[in-house]
Amino acid sequence: MLDLERLQKISELDGAKIGQLEESDLNSFAVKVNAFIDGFPAQEEKVKSALRAKDRDVLAKSLAAVCDMMRQIYADKLAESCESQLNTVGDTQYEDLQTFIIGLLKAVSALSIDLQMAGYQNIQKPDDAQESEVKNTILAVDDRHFFLTSIKQMLHDTGYKATCINSGASALNYLKNHNPDLFIFDIEMPEIDGYELARRVRAAGHTAPIIFLTGNAKKDSVVKALQAGAADFIVKPVTKSQLLERIGKYIKPEEPEEELPQDELVDDE
């Protein structure tokens, strides 16, 4: 059964329309949601294939199908953005078209994952009680140094303290003596992937929320991540605003200390 509370918090959906759904409408809406979740990965690949081939005709048809899928589940703003681009597919500079479509696919992938989370029970939800307590330590694990550097830069001066480690084995060794407030794991890593790392982290007794980095919205991948202990997902490529929004659902950063005005500084001499 879909979690209506979660659905109404998905920014890409029309919350007013979701809120007006009668109980008798939920089954029909759930069927449409499942059709979207099951159908999007294949449609996404068609769009990407047309992009690679620079085939504007196939691209237009594939985008139209994605727009229609989004209308069915009340993702009206994304659908409108998609439809406006459809009207200019033949005239837009290819580089601009490509940039728009990559951004659109990322947004729709994130939507698909959020919808899947709304369909599963017993997923860790943000605890409102945490709002009054500072919990700001983060462990990020990815085998790519450039990504870890990006995470450090995005979290600099935000009040969060990030430790970045480039392998699952090193992360498990680190956790013998540390207890972070939140985890960020890439899924695709050598030797110990994100799923296995999450399972071992949970087995070791760590209960902090786990956010997975992914570019894959397929149902089996999302289910596998949820079973491993995922609380949330960030769709790659990652932006600072998206990173802070997802982290902020679960932990609160330390507030920077306010400097006293010059005339309030105490001189001991």
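All of the numbers you see were taken from the coordinates with simple rules; none came from a lab. Bear in mind the structure is a predicted one, so any value in this text is a computation, not a measurement. Don't worry about glycine lacking a Cβ; one is built from the backbone with ideal geometry, like all the others, and counts go over all protein chains shown.
For the set K17/K152; K9/K252; K48/K252; K135/K219; K17/K252, the pairs lying more than 29 angstrom apart at their alpha carbons are K17/K152; K48/K252; K135/K219; K17/K252.
Size descriptors for the chain, from the alpha-carbon set: Rg then Dmax equal 21.2, 78 Å. Dividing the helix sum by the residues of the chain, where each DSSP H run of 4 or more adds -39500 (n - 2.57), gives a mean residue ellipticity at 222 nm of -16500 deg cm²/dmol. 3J(HN,Hα) along the stretch 89-95: 4, x, 10, 6, 4, 4, 4 Hz, from the Karplus curve 6.51 cos²θ - 1.76 cosθ + 1.60 with θ = phi - 60°, whole Hz, x for Gly and Pro.
Between E83 and K161, the simple spin-label model (points 7 angstrom out along Cα→Cβ) gives 5.1 nm.
Please give the helix 23-53 orientation as an angle from the longest Cα principal axis of the chain, in degrees from 0 to 90, rounded to the nearest 10. Here the helix axis deviates by roughly 90 degrees.
Angle of helix 145-155 to the longest C-alpha principal axis of the chain, folded into 0 to 90 degrees and rounded to 10: 70°.
Comparing mean-square fluctuations of F147, F212, F100 from a GNM of the chain with C-alpha springs under 10 Å, the top value falls on F100.
On C-alpha positions alone, give me the angle between the axis of helix 194-203 and the longest principal axis of the chain, in degrees, nearest 10. Once rounded, one gets 50 degrees.
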